[in-house]
């Protein structure tokens, strides 16, 4: 169907992409919250999974697939251009090259790790969300938001750590990084569940749709957005 019948989908995808790009740009900042050390990316990136839940729950897997590809391509373009700009020779009277390179730290291995992890994790998240919606008959939204995050963030966190640090860190360190990052992301989205409920319920009323992905082609490389199907039961 024509996605333009949705009033808020394009706006939400734009917001999703903006947050995704900003999370990559602020990743180098480490902040201290009590005994914890958290990067800028850890504060912002989990929000993209909340967006993914909203896309799938309200508009269906096809809309989420479109958002994921848009974010993936935007991130790839930003990373590619960032590496080119960092590599350009600085002007002789400009002395901020080191600081600039630190902020825009587009290390090729980290770029590949983040892109692959984002792509695989987001699609895993949306697939689980869509399938669980059918299994639960549209009820118990909290089981889908948390269940999809448990799967999606495991895929994302494991891939990004393995690709970024495999061969350069011990397996003990890699497992610790995966565990700590994964646990924090899952708790983050679990705490955001009430907010997700509010946004999902509001969008369903405003858009007048509640999509169930019956017969949907779940291939990441397919195209199209599912036709809206009114919910037979109220979301629990």
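Bear in mind that the values in this text are calculations on the coordinates, not laboratory data. Keep in mind the model is a prediction, meaning the values are calculated, not measured. Ideal geometry is used to build each Cβ from the backbone, glycine not excepted, and the neighbour counts take in all protein chains shown.
With each run of n ≥ 4 DSSP H residues scored as -39500 (n - 2.57), what mean residue ellipticity at 222 nm is computed for the chain after dividing by its residue count and rounding to the nearest 500 deg cm²/dmol?
Working: 8 runs with 156 residues, N = 236.
Roughly -22500 deg cm²/dmol at 222 nm, from the helical runs in the chain.
For a protection proxy built on the mean count of beta-carbon atoms within 10 angstrom, sort 180-188, 82-90, 115-123, 194-202 highest first, please.
In decreasing order of mean packing, 180-188, 82-90, 115-123, 194-202 become 115-123, 180-188, 194-202, 82-90.
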* Structure fact -> So residue 135 and residue 22, fully extended at 0.36 nm per residue minus their Cα-Cα distance, gain in nm 37.2 nm
* Asked: Contour minus end-to-end for residue 88 and residue 11, with contour as 0.36 nm per residue of separation and end-to-end as the Cα-Cα distance?
  -> 24.3 nm
* Structure fact -> Tilt, helix 108-136 to longest principal axis of the chain (alpha-carbon atoms), in degrees rounded to tens, equals 10 degrees
* Can you give the angle from 0 to 90° between the axis of helix 9-25 and the longest principal axis of the chain, with both taken from C-alpha atoms, to the nearest 10? -> 20 degrees
* Asked: To the nearest 10 degrees, how steep is helix 141-165 against the longest Cα principal axis of the chain, on a 0 to 90 scale?
  -> 20 degrees
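In percent, what relative contact order does the stretch 3-207 have, based on Cα pairs under 8 Å that are 6 or more apart in sequence? Walk me through the intermediate numbers first.
Numbers: 213 pairs, mean separation 46.7, N = 205.
Reported relative contact order: 23 percent.
For 218, 55, 165, 6, which order do you get if you count the other beta carbons within 10 Å of each Cβ and list the fewest first? Could the numbers behind the result be given before it?
Numbers: 218 14, 55 27, 165 17, 6 21.
Listed from fewest to most nearby Cβ atoms, that is 218, 165, 6, 55.
Using the scaling law 2.2 N^0.38 Å as the reference, what is the normalised Cα Rg of the stretch 3-207? Present the calculation step by step, with values, prior to reporting the outcome.
Values: Rg = 18.1 Å, N = 205, 2.2 N^0.38 = 16.6 Å.
Dividing the Cα radius of gyration by 2.2 N^0.38 Å gives 1.09.
For the ranges 128-135, 204-211, what's the packing order if you count other beta-carbon atoms within 10 Å of each residue, average per peptide, and put the highest first?
Details: 128-135: 20.0, 204-211: 17.8.
The packing order, highest mean first, is 128-135, 204-211.
Rank-order 98-106, 13-21 by packing density, defined as the average count of other C-beta atoms within 10 Å over each peptide's residues, highest first. Kindly include the intermediate steps, with their values, before the conclusion.
Working: 98-106: 13.9, 13-21: 17.7.
The packing order, highest mean first, is 13-21, 98-106.
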* Asked: If we count other beta carbons within 10 Å of each Cβ, what is the order of 9, 43, fewest first?
  -> 43, 9
* Structure fact -> With Cα springs under 10 Å, the Gaussian network model of the chain assigns the largest mean-square fluctuation among 148, 223, 64 to 223
